[in-house]
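One structure below.
The numbers here are math on the coordinates, done by the rules we state, and not lab data. Here the structure is a predicted model, which is why all the values come from computation and not from measurement. Glycine also receives a Cβ, built like all others from the backbone with ideal geometry; neighbour counts cover every protein chain displayed.
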Amino acid sequence: MTQPSFGLIGLAVMGENLALNVERNGFPVTVYNRTTAKTDEFMATRAKGKNFKAARTIEEFVKFLDRPRKILVMVKAGKPVDAVIDQLKPLLEEGDTIIDGGNSLYEDTERRTQDLEAKKLGFVGMGVSGGEEGALNGPSLMPGGTPAAYKELEPIFTKIAAQVDDGPCVTFIGPGGAGHYVKMAHNGIEYGDMQLIAEAYDLLKNALGLDRKQLHEVFAEWNTTDELNSFLIEITADIFPQIDPDTNKPLLDQILDAAGQKGTGRWTVVSALELGVTLPTITAAVNARVMSSIKDERVAASQELTGPTGKYDGDVKAFINKIRDALYCSKICSYAQGMALLAKASSEYNYNLNLSEISRIWKGGCIIRAGFLDKIKVAFNENPQLANLLLAPEFKQTILDRQGAWRDVLATASQLGIPVPAFSASLDYFDSYRRASLPQNLTQAQRDYFGAHTYERIDKPRGEFFHTQWF
Ligand code: 6PG
């Protein structure tokens, strides 16, 4: 066996699967886990007969690796990453690279990159998307950090990543925390997609009364369309027929409607607020999870607060198609917001992001993978300076053609008392973005009235400020 230069720390399921993926692609791997029993178990089972070497201490782990060492750290984001880096730092030599493949906060990655680069070590903060299955068989990889370190890793990453028609789902994202920033935005978009799908499900089930067989059929059918074909729609269709083995009832109906979250969606919203980018759909998605989590309070409130109920009494088949159109228009708006956030972060943090390439590497492997991303790739390829996805010819035409259906769905939802926060936020985004005039002239007047905050005038150049003695 040749001496490995690739090592992996952290044998939880994502770590194990990535290690197996790297080895399967022809690169010997040294593994280390803090709890040795876990390493022993891995070596005796999944790694058996394969090109793996196990280290029992961190010193041994580093010694087992040929230089330049490439060490992928797959531990929990936050303090555990710093702890592993602190252990490795004194043992590594110039040109060695640490890769953090967890969902780390981009600001932490920025700090770690600076710290390690100053010591002539490489650091790559890499978003890894695709869950357990993706890690094993082909994830989407979003590496950022030290460019020279990425060059050394490229032959490995291009092999282990998901492969799509236009190449492997990996590209160097940018310096510092760029890789983790883009992974964070990916997750924000994932939250938006999931919430939009949940709202479509709510309408199909509660406005139209579809049963789970019909729900399965609708989502399976949508998944065959050019525009909605995606991993998340596919798994949604799969969920409806599942039976709970304990109760013999449909599993989905046994699942408590209180959504968890680990933080990446919230981070996306916080970053957007800090950068002054409007992100209403993803914000609505985060809020919807928060609202869902106060289950007991909602159950109590449901006894007190009444509102409209009832079913849609029109043409069911036609309304299903309207919901599909509303979902697609809302999804376009959500991605428009996500891409606008990336564009702003790129200029603010000098990430030099290539939005077309980012869309391309999201076409496969990751949770938001979808045929639709090819259209986004093309839009940013044709015009890298595109101010907003809504202005790309294809998306513009889609929304112009379907906004009637989208508005009908929102009006019906409102009449039936069915909350559709992400659908609504998307339409608000569209209606605000397309308005040459918004009512914030009044906001400015009020600010000047109570605080002498001044205002600009429509008949004077931008940047000239005026104050009025209002009273
Ligand atoms: C991915 C996923 C992954 C994780 C989510 C879940 O891209 O593979 O996004 O990173 O499953 O972070 O996030 P929540 O627990 O916040 O829903």
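Some notes on this structure:
- Under Stokes-Einstein, with the Kirkwood radius over Cα pairs as Rh, the value for the range 350-400 at 20 °C and 1.002 mPa s is 188 µm²/s.
- Mean residue ellipticity (222 nm) of the chain, computed from DSSP H runs ≥ 4 via -39,500 (n - 2.57), nearest 500: -17000 deg cm²/dmol
- In terms of overall dimensions, the C-alpha atoms belonging to the range 290-373 reach 52, 35, 23 Å along their principal axes, ordered largest to smallest.
- Degrees, to the nearest 10: 264-275 long Cα axis against longest axis of the chain: 70
- Degrees between helix 316-349 axis and first principal axis of the chain (Cα, 0 to 90, nearest 10): 60
- Straight-distance candidates among the lysines for linking to K249, with alpha-carbon spacing under 26 Å and chain neighbours fewer than 8 residues away dropped: K205, K213, K295, K311.
- For the range 352-444, the spread of Cα coordinates along the three principal axes comes to 40, 35, 23 Å, biggest extent given first.
- If R0 is taken as 56 Å, the Cβ-Cβ distance between Q3 and V270 corresponds to a FRET efficiency of 0.80.
- On Cα atoms only, tilt of 212-222 relative to the major axis of the chain in degrees: 80
- Dimensionless Rg over Rh [the range 188-290; C-alpha; Kirkwood]: 1.03
- Computed from the C-beta positions of A452 and N51, the FRET efficiency with R₀ = 60 Å rounds to 0.25.
- Pairs of alpha carbons in the chain whose separation is greater than 28 Å (percent): 58
- Sequentially through the range 457-470, phi angles give Karplus couplings (6.51, -1.76, 1.60; θ = phi - 60°) of 10, 6, 9, 10, x, 4, x, 8, 10, 10, 10, 10, 7, 6 Hz, Gly and Pro residues having no value and appearing as x.
- Projected over all directions and averaged, the alpha-carbon convex hull of the range 237-326 occupies 9.6 nm².
- The fewest-to-most ranking of H467, H180 by surrounding Cβ atoms within 10 Å reads H467, H180.
- Sites R212 and E41, calculated FRET efficiency, Cβ-Cβ separation with R0 41 Å, nearest 0.05: 0.55
- Short-range pairs are left out: with C-alpha atoms under 8 Å and at least six residues apart, the relative contact order of the range 1-128 is 23 percent.
- For G122, the residues whose amide H sits under 5 Å from its own are G95, D96, T97, I98, ignoring neighbours fewer than 5 places away on the same chain, with H placed 1.01 Å from N.
- The phi-based Karplus calculation (6.51 cos²θ - 1.76 cosθ + 1.60; θ = phi - 60°) puts the 3J(HN,Hα) values of the range 436-447 at 5, 10, 10, x, 6, 4, 5, 4, 5, 4, 5, 4 Hz, whole numbers, x for Gly and Pro.
- Evaluated at q = 0.10 Å⁻¹, a Debye calculation over the C-alpha positions of the range 50-187 (equal weights, vacuum) places log10 I(q)/I(0) at -0.30.
- Computed over the range 77-151, the ratio Rg/Rh where both radii use C-alpha atoms and Rh is Kirkwood: 0.98
- As a ratio to 2.2 N^0.38 Å, the alpha-carbon radius of gyration for the range 132-237 is 1.39.
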